[in-house]
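What follows is one structure encoded as structure tokens, with my remarks underneath.
The values are calculated or read from the model by the stated rules, or taken from the named source; none is laboratory data. As the structure is a computational prediction, the values presented were derived from the model and not from experiment. Methodologically, a virtual Cβ is constructed for each residue, glycine included, from the backbone with ideal geometry; neighbour enumeration extends over all protein chains shown. Accessible surface areas use protein heavy atoms only, side chains included; no ligands, DNA or RNA. Shrake-Rupley method; radii C 1.70, N 1.55, O 1.52, S 1.80 Å.
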Amino acid sequence: MNTLLQDDIILDCRADKIFYSDFLAVRDSHVPIRKNQITGFIGPSGCGKSTVLRSINRMNDLIRGFKFFGSIQFHTMDIYNKKVDPVAVRRNIGMVFQQPNPFAMSIYENVAFGLRLNRFKGDMDNQVEKALRGGALWDEVKDKLKKSGLSLSGGQQQRLCIARAIATEPQVLLMDEPCSALDPIATRQIEELMLKLKERFTVCIVTHNMQQAQRVADQTAFFSVDLSIGGRTGYLVEMAATKELFSNPQEQLTKEYLHGDFS
Amino acid sequence: MNETKNDLLQLPNLERQPFEPRALKSILLSTITIICAVLACVPLFSVLVMLIYRGGSRISLELFTALPPTAFQFDGGGISNAIIGTLFMVGIAALITIPFGVLAAIYLAELGPYSKVATIARFSAKTMSGLPSIIAGVFAYAIMVITMGGYSAWAGGVALAVLMLPTILLTAEETIKMVPKRMKEAAFGMGCTPSQSMTKVVLPMALPGIITGVVLAVARAAGETAPLLFTAIFSEYALEPNDPTASLAVLIYNYSNSTSENQLELAWAASLVLVVLVFILNMVSRWIGSRTRK
Amino acid sequence: MAAENREESILPHAETLAAPPTTVDKIFDKCFRTLTLVFTWATVLLLAFIVFRIGGQALPAIKEYGLGLLVSSDWDVNNNQFGIWPQIWGTLYSSLLALVLGGFFGITIAIFLTQDFLPHKLEIILKNIVELLAAIPSVVYGLWGIYVLIPILQPTADKLHSSFGWFPLFSTSFSGFGMFSAALVLSIMILPTIAAISQDALRAVPGKTKEAAFGMGTTRWEAILRVILPTASGGISGALVLGLGRALGETMALAMLVGNSATVSLSLFSPASTLAALLALNFPEADLNQTGVLMYAACTLLLITLVVNMLGTLIISTTTTKGGER
């Protein structure tokens, strides 16, 4: 594993054990996330990559029986500290989901939603425009801001969700397979957008698509499933700069996966 | 098919055999089914025809504005106080049950769906939905009439509320649960507190379904007689919420065996008004339901 | 408060617009959640309170008359002699009669509506008609029963009585108001409930089960009777039990049609009485002692319907979860 500069790390995620009730879903995964970079999570299905990602902004708190052992250091604070309000965490660590999920409101209101939630006092119109430009959607929707967010195409909806997430300028943006429901053209647009976003945000993306990780990620974490103890427990196999991981994987398992020996 | 049969006698017979026992049995059963279905439609049409035939002639402005006639008044009179009384008492019941039912439904559907109390509450609501309507009347009698010392519109409203609550609660729970999970996730992902995600995202989406449930409950309550018989009873005077109050349903019941032809006619007219009201409410709820399903 | 300050200092917002939830947001959240919990508890307590209040009012009568009230047939207000056996009998008998009729029609219609007998449009129309049957208030059915149904039944009933008077079901002459008219109207009223829940049960039969039956070369009716109905039988029995529950608690149509005479008779044409009708007719004029007895009757009715409804809900929920596992 390559060395990481300590002060670069904005989120230091140590998932020692993650349970869903009695089921051990993830073990021993240390994923340091560096500022203004894109970190890709890859691995076969069921390897826990989404679970880890969703633990970072405590979305998994909503799932019954979810238990997290370990720590996620965000700046100087462990977000699993009892004193931390998960709601405040989610406001600082935005999320884009697998399925585009704009609210059943106008495009404008979708973007303004987070701003209103955070009691934003400034120029709302300006901030909404900024977010939509940031989401590479402004030119397509500037004449129909009053229309329902659900009237857009799938790719546009997903970019609307990104605009909605970045409107409040969170520090970290988590993306859980954001392109899996989209066609190749929309996927390409989102990927280009991500490369732009990393100038201002730190991005983590879960993807089932190795090419996508190669195209966008600076760092890549490879997860796999450990069937040895009877369960289907996911764990981190290795993590490195993307180029290094793909060209010179250290672990046998990574080599096999990258060769397409299993998926 | 005939050719096949003639050419290759070895093949099984695939021709239709309309007089074979199995086929006859099928035809017989199908016929019975059709007859049953037709018979089941007869009461509805019979009721509707009779309502229009016997009550239709009394539909006039007077019906909606005048007070009921006495037994010795051979013509004229209306049911205005009964219409207002029904609306008033159903209104009270709705005011009590809508916040009650919706808030409890939010807890059951989202905030604590697996908790012990939710399980018990869900069971209680289901049990209450099967409660005989007269029991709701007995209950309201015990807590309202006895303590307040008399029959009143308030007691009637409480009795109807007991009947409306389970319908509103259970339909609201269903519709809140049906809001797609990804919408709830989006709200939480944006950093909504649980109640913000409810009030800003989930409730607006579930609203049509909740309204459907409310309208259905109102329609059912509007036609209820038994809970009002000894809570609001009846009155021939205009609405006075602290006193006995008339309602369409009790008016129909009271006048149904009246010897006065005039009052009997009013019973039919009141039935027509009530059924039209209930059908309109049913249509409205269906319309809202079908609009949202698209 | 201390926790909140600490949090704010640690989650930086130099360049971000994200702010932690304000105190107002937190208080609102707390209140809102508490309120939902309060009303959830209130639902439980309401049912408990209903049972408790009615039970409490009935207690003196239960103490005084004991279980004897349930099996006695005397009702003499002047001598404080009470018995509700005829009403219990009437409630059960009328409901079971209605269940036989309404169940037969309800299930048949459910089959008709779910097994592709009709083009889709007609199916929807028929379904709506059946549902509207449930929307008509029971007092309107009562009125209709008195002035439409009874006159129609009269001639047939008279003929049945004069020719088959030796048969217990037809042993008394038809006076219009009585068990038969009441049960008939009652069956119309529970038909929609049974039809609706049976339809759900029939629709829940997996397509592959049906295909398997047709694949074996059954006719449509053989598939329905031998495969589809047995598969849906759990849900259909639940429908019947819930229909029975509705019939037991129905008040107005019965109070108007059953004749309200404390008679115990197998005859369809005999007038009778039911618990709900007893309450409806006697409550307004009851004195204190009689109120206690009526509350006792209400308790009995409550108990019967609660048991029947719980049974129905239980049958439906166990059969549907089983279906889910399959």
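Descriptive notes on the structure:
- Charge dipole magnitude, Cβ of K and R +1, D and E -1 - the protein assembly as shown, Cα centre, debye nearest 20: 1280
- To the nearest 10, the accessible area of C:Phe28 is 100 Å² with a 1.4 Å probe.
- Amide hydrogen proximity for B:Ala66: with H placed 1.01 Å from N in the peptide plane, the residues at 5 or more positions away or on another chain lying under 5 Å are B:Gly78, B:Ile79, B:Ser80.
- Residue-span extension gain [C:Leu303 to C:Val77] - 0.36 nm each, minus C-alpha spacing: 78.9 nm
- Accessible surface of chain B [probe 1.4 Å, protein heavy atoms]: carbon and sulfur percent: 67
- Dipole axis of chain C (+1 Lys, Arg; -1 Asp, Glu on Cβ), positive-most option in C:Trp85, C:Leu149, C:Ile62: C:Leu149
- Across the protein chains, with a 1.4 Å probe defining accessible surface, the residues A:His259, C:His161, C:His120 rank A:His259, C:His120, C:His161 from largest area downward.
- Ellipticity at 222 nm from helices only: DSSP H runs of n ≥ 4 in chain B, each -39500 (n - 2.57), divided by the residue count, give -21500 deg cm²/dmol.
- Positive-end residue, the range C:85-325 charge dipole about Cα centroid, Cβ charges, pick of C:Leu278, C:Thr172, C:Ala195: C:Ala195
- Bridgeable aspartates and glutamates around A:Lys130 (alpha carbons under 16 Å apart, same-chain partners fewer than 8 residues away excluded): A:Glu109, A:Asp139, A:Glu140, A:Asp143, A:Glu169, A:Glu199, C:Glu15.
- Kirkwood analysis of the range C:187-326, using all unique Cα-Cα pairs, places the hydrodynamic radius at 17.7 Å.
- With DNA, RNA and ligands ignored, accessible area of A:His208 (1.4 Å probe; Å², nearest 10): 110
- Here's the picture: charge each Lys and Arg Cβ at +1 and each Asp and Glu Cβ at -1 in chain A, and of A:Ala15, A:Val172, A:Gln219 the one pushed furthest to the positive end of that dipole is A:Val172.
- Computed from backbone phi with θ = phi - 60° and the Karplus coefficients 6.51, -1.76 and 1.60, the 3J(HN,Hα) list for the range A:40-53 is x, 10, 10, x, x, 5, x, 8, x, 5, 5, 4, 5, 4 Hz; x is used for glycine and proline.
- Long-range amide H partners of A:Ile72 with built H, under 5 Å: A:Arg14, A:Ile79, A:Tyr80
- Between chain B and chain C, the total buried accessible area stands at approximately 6800 Å², from heavy atoms with a 1.4 Å probe.
- Per residue, the accessible area of the protein assembly as shown comes to 43 Å², computed with a 1.4 Å probe over protein heavy atoms only.
- Hz values of 3J(HN,Hα) by residue in the range B:97-111 - Karplus curve (6.51, -1.76, 1.60), Gly and Pro given as x: 7, 4, x, 4, x, 5, 5, 4, 4, 4, 5, 5, 8, 10, 6
- Buried area at the A:C interface is about 1700 square angstrom, summed over both chains, from accessible surfaces computed with a 1.4 angstrom probe.
- Residues of the range C:120-137 buried by at least 10 Å² of accessible area upon assembly of all protein chains, compared with the chain on its own (1.4 Å probe): C:Leu126, C:Asn128, C:Ile129, C:Glu131, C:Leu132, C:Leu133, C:Ala135, C:Ile136, C:Pro137.
- Rounded to the nearest angstrom and listed largest first, the equivalent-ellipsoid semi-axes of chain A from its Cα gyration tensor are 31, 21, 17.
- Between A and B, roughly 1700 Å² of accessible area is buried in total, ligands, DNA and RNA not counted and the probe set to 1.4 Å.
- Protein accessible area in the range A:149-243, 1.4 Å probe - carbon and sulfur %: 51
- A cut-off of 5 Å between modelled amide H atoms, ignoring neighbours fewer than 5 places along the same chain, links A:Thr233 with A:Asp226.
- Nearest-20 debye value, the range B:65-293 charge dipole, Cβ charges on Lys, Arg, Asp, Glu: 1380
- Rounded percent of accessible protein surface that carbon and sulfur make up, the range C:21-65, 1.4 Å probe: 78
- Ranked by solvent-accessible area (1.4 Å probe, protein heavy atoms only, all chains present), the residues B:Trp268, C:Trp89, C:Trp41 order from largest to smallest as C:Trp41, C:Trp89, B:Trp268.
- Solvent accessible area, Å² - A:Asp8, 1.4 Å probe, full protein context: 50
- Share, in percent, of DSSP beta bridges within chain A that are antiparallel, nearest 5: 60
- Taking every DSSP bridge with both residues inside the protein assembly as shown, close to 60 percent are antiparallel.
- Karplus-derived 3J(HN,Hα), 6.51/-1.76/1.60, for each residue of the range B:58-72, Hz, glycine and proline x: 8, 6, 7, 4, 4, 4, 8, 10, 8, 7, x, x, 7, 5, 9
- Counting only Cβ charges, +1 for Lys and Arg and -1 for Asp and Glu, the dipole size of the range C:85-325 around its Cα centre is about 520 debye.
- Square roots of 5 times each gyration tensor eigenvalue, C-alpha, the protein assembly as shown, largest first, Å: 62, 35, 26
- Chain C: Lys pairs at Cα distance under 27 angstrom, eight or more positions apart or on different chains: 6
- Here the calculated FRET efficiency for B:Tyr53 and B:Ala238, from their Cβ-Cβ distance with R0 = 22 Å, stands at 0.15, rounded to the nearest 0.05.
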